[in-house]
1. Can you work out ³J(HN,Hα) from phi for every residue in the stretch 62-75, in order, using Karplus 6.51 cos²θ - 1.76 cosθ + 1.60 and θ = phi - 60°, giving whole Hz and x for Gly and Pro?
2. Indicate the gyration tensor shape class of the stretch 1-102 (rounded, prolate or oblate), computed on the Cα atoms with a ≥ b ≥ c the square roots of the eigenvalues: a/c under 1.5 is rounded; otherwise a/b larger than b/c is prolate and the rest oblate.
3. If you consider only alpha-carbon coordinates, what radius of gyration and Dmax does the stretch 1-44 have, in Å?
4. What residues have an amide H closer than 5 Å to that of Thr75, excluding those fewer than 5 places away on the same chain, when H is modeled at 1.01 Å from N in the peptide plane?
5. Could you pull out which residues in the stretch 1-20 have an amide N less than 17 Å from a spot 7 Å beyond the Cα of Glu29, following the Cα-Cβ vector?
6. Can you bin every Cα-Cα distance in the stretch 58-102 into 5 Å intervals starting at zero and give me the percent of pairs per bin, rounded to whole numbers?
Amino acid sequence: MVPPKFSGRVKKVMPAGKYTIETPVVEIEEAGNTMTVMLFQRWPVRQARPCVEKLQGKEALLTCERVIDALFPVTLGGTAAVPGAFGCGKTVISQALSKYSNSRCRGLRRLRRARQRDGGGAFGLP
């Protein structure tokens, strides 16, 4: 992945193989300057990645969990975090969201059906 604000023509690409993350794998040339691209990027955690436009949410994610809907509303298609210590119910919340919300969590539903059909399993979904 080329870092933001890099532009120009690709001058050299390393062939497929095993490399360390600090090995330059691509060289980009712009106006006589050559820049290298490695397999990792350093980016400050609290600095947002540049994007053309951030889309506004159009409808709410209805979780059917009163506390989440009232105190922590989430936009359908948005992102949210569930912080907490070990054993405080984070997985239970994610399972309830996949079962009762107005989102499309087809992958989890398929796992749940397979578990019910097989009579158990390692996933632990209800």
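Throughout, read-outs are computed from the coordinates displayed, never taken from laboratory work. Predicted model only: the values in this text are computed from it and were never measured. Every residue, glycine among them, receives a Cβ derived from its backbone with ideal geometry; neighbour counts consider all protein chains shown.
1. 8, 8, 6, 10, 4, 5, 5, 5, 7, 9, 10, x, 10, 7
2. Values: a/c = 3.55, a/b = 2.32, b/c = 1.53.
Verdict is prolate for the stretch 1-102.
3. According to the Cα coordinates of the stretch 1-44, Rg and Dmax are 10.8, 31 Å.
4. Residues meeting the amide H criterion: Leu61.
5. 7-14
6. 5, 21, 33, 27, 10, 3, 1
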